1. Has region B:149-163 got at least one residue that is in contact with a helix residue (DSSP H, G or I) (Cβ under 6 Å, 6 or more places away or on another chain), surrounded by 19 or more Cβ atoms within 10 Å (Cβ to Cβ) and closer than 24 Å to B:Glu35 by Cα?
2. If you scan region A:268-298, which residues turn out to be of a type in the set (D, E, K, R) and either crowded, with 18+ Cβ neighbours inside 10 Å or within 17 Å of A:Phe100 (Cβ to Cβ) (or both)?
3. Any idea how many residues of region C:69-89 are outside any loop (DSSP other than H, G, I, E, B) and of a type in the set (Lys, Arg)?
4. Only one of (1) buried (at least 20 other Cβ atoms within 10 Å of the Cβ); (2) over 30 Å from B:Gly254 (Cα atoms); (3) not acidic (Asp, Glu) is not met by B:Asn52, so which one is it?
5. Would you point out the residue of region A:136-147, among those that are at the interface with chain C (Cβ under 9 Å from one of its Cβ atoms) and of a type outside the set (Ser, Thr, Tyr), that is surrounded by the fewest Cβ atoms within 10 Å (Cβ to Cβ)?
6. Scan C:Phe70, C:Phe97, C:Phe66 and give me the residue that is more than 21 Å from C:Leu253 (Cβ to Cβ) and in contact (Cβ under 8 Å) with a residue 60 or more places away in the chain.
7. Is it the case, given these coordinates, that C:Asp128 is under 28 Å from C:Gln202 (Cα atoms) and within 14 Å of chain A (Cβ to nearest Cβ)?
8. Working only within region A:162-186, note down all residues that are under 17 Å from A:Ile256 (Cβ atoms) and either among the acidic types (Asp, Glu) or assigned to a loop (DSSP other than H, G, I, E, B) (or both).
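The values are calculated or read from the model by the stated rules, or taken from the named source; none is laboratory data. Here the structure is a predicted model, which is why all the values come from computation and not from measurement. We place every Cβ from the backbone using ideal geometry, glycine too, and count neighbours over all the protein chains shown.
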Amino acid sequence: MDMLRYMLRRLLIALVTLWIIVTITFILMVTVPGSPFSDERSSNEAVQANLEAHYNLDDPYYMQYLLYLKNISMLDLGPSIKQPNQTVNDLLGRGFPISFELGMITIIFAVVSGVVLGIISALRHNGVLDYLSMGFAVLGISIPNFILATLFIQKLAADWEFFPVATWSSPMHMVLPVAALATGPMAIIARLTRSTMLEVLTQDYIKMARAKGLSPWKITFKHALRNALMPVVTIMGTLLAGILTGTFVIEQIFAIPGMGKYFVESINQRDYPVIMGTTVFYSTFLIFMLLLVDIVYGIIDPRIKLHKKGGE
Amino acid sequence: MEKILDIKDLHVTFTTYGGTVQAVRGVDLYLNKGETLAIVGESGCGKSVTSNAIMRLIPSPPGKISNGTIHFKGQDLTKVSEKKMRSIRGVDISMIFQDPMTALNPTLTIGTQLMEGLRQHKDVSVKEAKQKAIEMMNLVGIPNPEERLKQYPHQFSGGMRQRIVIAIALICEPELLIADEPTTALDVTIQAQILELFAKIQEETGVSIILITHDLGVVAKIADRIAVMYAGKIIETGTKRDIFYRPQHPYTKGLLHSVPRLDEKGKLHPIDGTPPDLFSPPQGCPFAARCPLAMEVCDKVYPIKSERSDTHQVNCWLQDERAKHLLAETASK
Amino acid sequence: MKTAEVEAQHSSSKIPDEWFQLKEKDKNASEVVSRPSLSYWQDAWRRLRKNKMAMLGLVFLVILSFMAIFGPVMTPYEVNKQDLPNQYQAPSSEHWFGTDSAGRDVFTRTWYGARISLFVGLVAALIDVFIGIIYGGISGYKGGRTDNIMMRIIEILYGIPSLLVTILLLVVMGPSLFTIILALTITGWVGMARIVRGQVLQIKNYEYVLASQSFGGKTARIIRKHLLPNTMGPIIVQMTLSVPSAIFAEAFLSFIGLGIQSPYASWGVMANDSLGAILSGNWWTLFFPAFFISFTMFAFNVLGDGLQDALDPKLRK
């Protein structure tokens, strides 16, 4: 019962956040010159007709706003101005699956390798392996993903030809983009896992587990890791957001035909409906991912005081 | 009587950035089968370190058993392998920790935590383990054991958790139970219940108990013998009667005197000063700086052990013939 | 000590009788303070100095700031002066970091970039702190309903993907130094506000604050001695760590074409400009901006880590 109330409350907050984002987007787009809502609209007649049909541009703003909300709630994100006969939904339908694949492979890789690095560091506290992996982690946090990506392309793909340079067609093509995108999140996870693991290892219940005569293996994986991973779950939302925005540059650098690439193109061409639509779509996606993370956290941590979360 | 545990000249040191801390400096202790020995002293005197040393649970580095022997049922625990030690922990020797709120893993059910020791060491089926777990829950007085096995620690009160911790410690039927301040974190009424539980368990299982505490009330209730520890050394040991009725060491006397009494309302008698720095312990008696009867010799030479009786020993220069006049003087005051 | 003990065991009779007299008590002797008492900040500084990585970061940042101020003056070149005949010169005694596609001196541009990055990072972080302290402070101090409502607002804002909003704002307002800082701070203060509120809530209930008040402590003294050390730590650490994320965001935005425009030269713009160049072997055009972005972020990160350890009152030994 508590769980249900908690989920409903989180859902409500997610919807409010979403509504705010949609509204901000609308207001910004109404004010910017050259947008579908502005007076100086596109000269292309076909595009103009699409826009008119979709937004009822001669209605007063509040009517346009309501229509806009209605369209969005029907998951209809409108036409593109720069590419006639293309809707934002078409672009998303083509690009998002690829971006999603890239993002998911990245997050799985980042979590698995980050947690492993973190555990090794914690168990070899102040040892050589600890220093090595934490040095690696600090570098990973410090080097922006687009710089890593450029470096990878130049050295590993162009100079040494270990990997294909660009596009997204085989597992070999995926190695470099995923590596460039995953390094940052992996480093963050590794550091977090290490520090919580070190803290957990000093807890009384770990001492108790040792006093029971359990093997180090069981103590690490059954007693310590579960507790050490809690904070990792809580930052998953932030990491997902980082990876998502990371796909914008990574897809551009590696010429991957995903949504990120279209999005950056639409920014450079000032294709406002696409910018708006993608922002709203990605925000929705992230907000529901955050919601999912919260619910997962509620399930795996039996202690959580569901109704007090966020307030403390 | 058969000695189940015999500690000789135990030294434990911790190497830190600031230098080496000599936490335990030559402790001699023994424990008879079926008896309860209380180790009493202020915080930081080395009593917990001693108990951790018996379990070989001293974090290393920085800690190290630098000298001495711990004989348990004929084998020296300071020499056995870590693997062998694991088969002793939880099976032959168990330990109970101070704070029941932190001693249980918050993410695992009580049942899992109760049964895992048993499943680790004894060849039992899940069903048998569960049966045994329910039996233990009954022994420590937790109602509805079957349902409660599925619950998590946060669903239990502090007193209940300590009962569970005791059940976990006893499930493999150990011969020695080390309880490190088992009642300190509990309410007074719950304390009494837990102490009664200890007495009951000892009666039913015959387990020997080492009780670490700074609370003389607890000691008076369940200890058979008492060892008073100060600055890493045992300064006086004796039966409960010896210590409570015929205390010899000024520190023991101060300790007894500092217990708040109902008939002297509002008056506290703390021992002035603080224990010495164990980075560089004094070469003489460590209590000399705080002792009302300190003599010149106390600063210079560590007191030899005086045997008051078979059970009662004390390390204090006041026991020396040449200091008797001082004792007489203070007694007449 | 051990030998003395052994000696005593065997020969207590050898101990002179006159030692068995009551000692003259020196009352002060037992009260000797074993270590000099340092103020909180002295102590934190002492610990920070022991952290080699943090000191490396600090030294780097000092040098970087120095070069950001004086670097461009050390060369005869102007930051945006094009010199097409001299494009893609490798690093040499003429052009220490080489020249880019338009023949501009990379050394000069790098230090201009440092100005932009440090300026954006520091100003964005300072604004975050400013808003965060006011918002979090009011929320925590008032408590009750006010706190509840203010925290709901935070909770809602927290769900907004900040970089997306930043992109949107820049698309609408057009990229400039001002709009980038505005866009970064419009969502950036939320984390700081949460931390400040948490700190305020905590200290409100601290017993030592109550104790100090009840002993008639002066308010200013209470704030300086008790409140500041215990609240400033997390805020300073958060600030140190938000500088690199602002620097990263600026570089990222430049990279997707929403960066600061000419006549400025930010590191992100320089990196973006040179993307095409590196495949043709002109590595230096990317290397220097990339190196300084990374090393600056590294320096702030390790300094933040070091400060976190040094300022934690619990770790005080």
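1. Yes, some residue in region B:149-163 is in contact with a helix residue (DSSP H, G or I) (Cβ under 6 Å, 6 or more places away or on another chain), surrounded by 19 or more Cβ atoms within 10 Å (Cβ to Cβ) and closer than 24 Å to B:Glu35 by Cα.
2. Across region A:268-298, the qualifying residues are A:Asp271, A:Asp294.
3. Result for region C:69-89: 0.
4. Of (1) buried (at least 20 other Cβ atoms within 10 Å of the Cβ); (2) over 30 Å from B:Gly254 (Cα atoms); (3) not acidic (Asp, Glu), only one is false for B:Asn52: (2).
5. Going residue by residue through region A:136-147, those that are at the interface with chain C (Cβ under 9 Å from one of its Cβ atoms) are A:138-139, A:141-147.
So of that shortlist, the ones also of a type outside the set (Ser, Thr, Tyr) come out as A:138-139, A:141, A:143-147.
Numbers: A:Val138: 20, A:Leu139: 16, A:Ile141: 24, A:Ile143: 23, A:Pro144: 28, A:Asn145: 28, A:Phe146: 28, A:Ile147: 25.
The extreme case among them is A:Leu139.
6. Just one listed residue meets the conditions, C:Phe97.
7. When the stated conditions are applied, C:Asp128 does not pass them.
8. Hits for region A:162-186 are A:Phe163, A:Pro164, A:Val165, A:Ala166, A:Thr167, A:Trp168, A:Ser169, A:Ser170.
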